[in-house]
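Data first, discussion second: the structure below is written as structure tokens.
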Amino acid sequence: MANPGGGTVCNGKLHNHKKQSNGLQNRNCTKNGIVKEAQQNGKTHFYDKLIVESFEEAPLHVMVFTYMGYGIGTLFGYLRDFLRNWGIEKCNAAVERKEQRDFVPLYQDFENFYTRNLYMRIRDNWNRPICSAPGPLFDVMERVSDDYNWTFRFTGRVIKDVINMGSYNFLGLAAKYDESMRTIKDVLEVYGTGVSSTRHEMGTLDKHKELEDLVAKFLNVEAAMVFGMGFATNSMNIPALVGKGCLILSDELNHTSLVLGARLSGATIRIFKHNNTQSLEKLLRDAVIYGQPRTRRAWKKILILVEGVYSMEGSIVHLPQIIALKKKYKAYLYMDEAHSIGAVGPTGRGVTEFFGLDPHEVDVLMGTFTKSFGAAGGYIAGRKDLVDYLRVHSHSAVYASSMSPPIAEQIIRSLKHLMGMDGTTQGLQRVRQLAKNTRYFRQRLQEMGFIIYGNENASVVPLLLYMPGKVAAFARHMLEKKIGVVVVGFPATPLAEARARFCVSAAHTREMLDTPRNLP
């Protein structure tokens, strides 16, 4: 990929998600043969992988009550703001100082309105302090509020052995210390806790080189580079690959790190409907035919941004179709595998393995070590010339501090575990157990009558709740029953699609997964 250009205006919107799949109207369950045949260079390639994804729409009365709930909440919110303005009710939110009333407001009014009048009422369901390792069970510190969730105080009580359905600990490798972690302890004693330098200065260790070689071997690509922060891996590397005069085609449900990286690049951004190849092909065709706005010059570069597994929807990218399109229109493909590497595919090698595709078909493979590997940081992998280019031009490589040595050793240990280089098959067994747990948990939730989203192989399981009051009630009830679950609402999801998000782990036992079924 060539050098990027400078800066220009970008456009892009994250939501407005319509339940479509490849241009077809969705039913309760969509089953698509993901590319039964695709013409590439005069040859026909066949893919027999069947995608099973569920995006069931809510009954009409549920949507009516959901919008009514938001409407009533908005009316009471304006009433309470009126009372606060007149000093009848105390305002605990961030407000402009009196001496700056003639200034343009520093805070965004709508987000503050939402925070004051809805989020604060149910804020106790987020930021819960954990005081143990995030294994299949964890301990939660109990806290209460005396001012309607504006502030909290700890009671001193610890809620023990809460079933952890909220951590991205897919393979169960984020755990308490045991003898298998001896190498991490040894690295800590030799190298210390941090590097205190960038990779370009005094921050490249032999451990970083060992890790990068192992990542490249695991992914079956030429080279890889690791970074200390997963979010920055996207937001700081995309601007190094594209710039002014380039075009980014981004899935509408891409993670914020991808959205931020695209905006920072200065490239023009256009959005295609989630996993909808007809929408993507239309944008590609128009880009090739019409070129850049006003000048009609050809785009310097077209980059398609997708994720392997979408963490809010639990859906898997329709990769074979997208690869066929990127080849047809001579575009580049950047795939974020934060939630799929280690968790998808027969041996945990991600979406390319899941579809039986050559990893070299994807131009830029990105992933993080924060989920399946129980560590921190991220990687970019692909051709050697791509990685060498990023070593020089990536802001995350040039300016950010290097990855901590014990973290690097934890990732090395996890990769060797997955690849069987530790002399056992336990890593492979974890991947298989995760697949079994995922299918079992999804099947049982559907049998109980819940509306769940996503692919049957995705370990992130969104359970739709819709109503804002129900979001808070559900999370509180789960904690009372010693089940820790993450609830998500607007603006992280569309307004009327609030949900609980269960994260399945290989460390979960069948008894743990059956616990929600036995609740009164």
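Yes or no, residue by residue, for (1) at pLDDT 50 or above; (2) among the acidic types (Asp, Glu); (3) within 29 Å of Lys282 (Cβ to Cβ); (4) part of a loop (DSSP other than H, G, I, E, B):
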residue: Thr8; (1), (2), (3), (4): no, no, yes, yes
residue: Lys13; (1), (2), (3), (4): no, no, yes, yes
residue: Arg27; (1), (2), (3), (4): no, no, yes, yes
residue: Asp48; (1), (2), (3), (4): no, yes, yes, yes
residue: Thr66; (1), (2), (3), (4): yes, no, no, no
residue: Asn92; (1), (2), (3), (4): yes, no, no, yes
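For Asn220, indicate whether it is open to solvent by less than 70 Å² (accessible area, probe 1.4 Å) and either of a type in the set (S, T, N, Q) or free of Cβ contacts under 8 Å to residues at least 60 places away in the same chain (or both).
When the stated conditions are applied, Asn220 does not pass them.
Give the residues of region 145-177 that are β-branched (Val, Ile, Thr) and either surrounded by 19 or more Cβ atoms within 10 Å (Cβ to Cβ) or under 15 Å from Leu434 (Cα atoms) (or both), sorted by residue number.
Selection gives Val162, Ile163.
Are any residues in region 324-362 more than 19 Å from Trp299 (Cα to Cα) and not in a loop (DSSP other than H, G, I, E, B), and if so, which ones?
Once the filter is applied, which keeps residues that are more than 19 Å from Trp299 (Cα to Cα) and not in a loop (DSSP other than H, G, I, E, B), region 324-362 yields Ala324, Met335, Asp336, Val351, Thr352, Glu353, Phe354, Pro359, His360, Glu361.
Given the criteria β-branched (Val, Ile, Thr), buried (at least 21 other Cβ atoms within 10 Å of the Cβ) and outside any strand (DSSP E or B), does Val392 qualify?
no
Before we move on, is Phe474 over 19 Å from the mean Cα position of the chain (by Cα) and either in a strand (DSSP E or B) or surrounded by fewer than 21 Cβ atoms within 10 Å (Cβ to Cβ) (or both)?
yes
Under the condition of being in contact (Cβ under 8 Å) with a residue 24 or more places away in the chain and either touching a Ser or Thr at 6+ places or on another chain (Cβ under 6 Å) or not hydrophobic (A, V, I, L, M, F, W, C) (or both), which residue from region 112-128 is most open to solvent (accessible area, probe 1.4 Å)?
Arg121
Is it the case that region 364-385 has a residue that's part of a helix (DSSP H, G or I) and modelled with pLDDT of 95 or more?
Yes, region 364-385 contains at least one residue that is part of a helix (DSSP H, G or I) and modelled with pLDDT of 95 or more.
Out of all the residues in region 129-144, is one or more open to solvent by 50 Å² or more (accessible area, probe 1.4 Å) and either of a type in the set (Phe, Trp, Tyr) or on the phi > 0 side of the Ramachandran plot (or both)?
no
One line per residue, one yes/no per condition, for (1) surrounded by 11 or more Cβ atoms within 10 Å (Cβ to Cβ); (2) in contact with a Lys or Arg (Cβ under 6 Å, 6 or more places away or on another chain); (3) in a loop (DSSP other than H, G, I, E, B); (4) modelled with pLDDT of 90 or more:
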| site | (1), (2), (3), (4) |
| --- | --- |
| Thr74 | yes, no, no, yes |
| Leu83 | yes, no, no, yes |
| Val95 | yes, no, yes, no |
| Glu99 | no, no, no, no |
| Val104 | no, no, yes, no |
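Could you grab me the full set of residues in region 451-471 that are outside any loop (DSSP other than H, G, I, E, B) and of a type in the set (S, T, N, Q)?
Within region 451-471, just Asn455 meets the criteria.
In region 202-215, what residues are over 11 Å from Met403 (Cα atoms) and open to solvent by less than 10 Å² (accessible area, probe 1.4 Å)?
The answer is Glu212, Val215.
Scan region 188-206 and report the pairs whose first residue is under 17 Å from His393 (Cα atoms) and whose second residue is open to solvent by 100 Å² or more (accessible area, probe 1.4 Å), with Cβ atoms within less than 7 Å and a gap of 6+ or a chain change.
Sorted first by the residue in region 188-206, then by its partner, the pairs are Thr198/Tyr399.
May I ask you to say which residue of Arg413, Arg442, Arg430 is free of Cβ contacts under 8 Å to residues at least 24 places away in the same chain and either assigned to a helix (DSSP H, G or I) or hydrophobic (A, V, I, L, M, F, W, C) (or both)?
Arg442
Is it the case, given these coordinates, that Ser459 is of a type in the set (S, T, N, Q) and closer than 22 Å to Ala240 by Cα?
no
Among the residues of region 477-497, what is the count of those that are under 23 Å from the mean Cα position of the chain (by Cα) and over 18 Å from Arg442 (Cα atoms)?
Final tally of qualifying residues: 10.
For region 429-443: of the residues being open to solvent by less than 50 Å² (accessible area, probe 1.4 Å) and of a type outside the set (Val, Ile, Thr), which is nearest to Thr183 (Cα to Cα)?
Ranking the candidates gives Leu434 first.
Here are Arg263, Arg294, Arg270: which of them is more than 30 Å from Gly454 (Cβ to Cβ) and either open to solvent by 10 Å² or more (accessible area, probe 1.4 Å) or of a type outside the set (Val, Ile, Thr) (or both)?
Result of the check over Arg263, Arg294, Arg270: Arg294.
Please work out which residue is farthest from Leu241 (Cα to Cα), limiting yourself to region 395-418 and to residues that are more than 24 Å from the chain's Cα centre (by Cα) and surrounded by fewer than 17 Cβ atoms within 10 Å (Cβ to Cβ).
Tyr399
What is the number of the single condition among (1) surrounded by 23 or more Cβ atoms within 10 Å (Cβ to Cβ); (2) at pLDDT below 95 that Gly449 does not meet?
Unmet condition: (1).
Answer yes if at least one residue in region 226-243 is more than 19 Å from Lys301 (Cβ to Cβ), open to solvent by 30 Å² or more (accessible area, probe 1.4 Å) and not aromatic (Phe, Trp, Tyr), and no otherwise.
The answer is yes; a qualifying residue exists.
Determine the pairs where a residue that is closer than 14 Å to Thr66 by Cβ and of a type in the set (Lys, Arg), located within region 460-489, has a partner that is outside any strand (DSSP E or B) and open to solvent by 10 Å² or more (accessible area, probe 1.4 Å) with Cβ atoms under 9 Å apart, the partner being 6 or more residues away or on another chain.
These pairs meet every condition: Lys470/Gly69.
Within region 312-330, which residues are open to solvent by 10 Å² or more (accessible area, probe 1.4 Å) and either among the hydrophobic types (A, V, I, L, M, F, W, C) or in contact with a Pro (Cβ under 9 Å, 6 or more places away or on another chain) (or both)?
Met312, Ala324, Leu325
The values are calculated or read from the model by the stated rules, or taken from the named source; none is laboratory data. Source: prediction; values computed, not measured. When we count neighbours, we look across all protein chains shown, and the Cβ atoms used for this are built from the backbone with ideal geometry, even at glycine. SASA here: full protein model, heavy atoms, side chains in, ligands and nucleic acids out. Shrake-Rupley method; radii C 1.70, N 1.55, O 1.52, S 1.80 Å.
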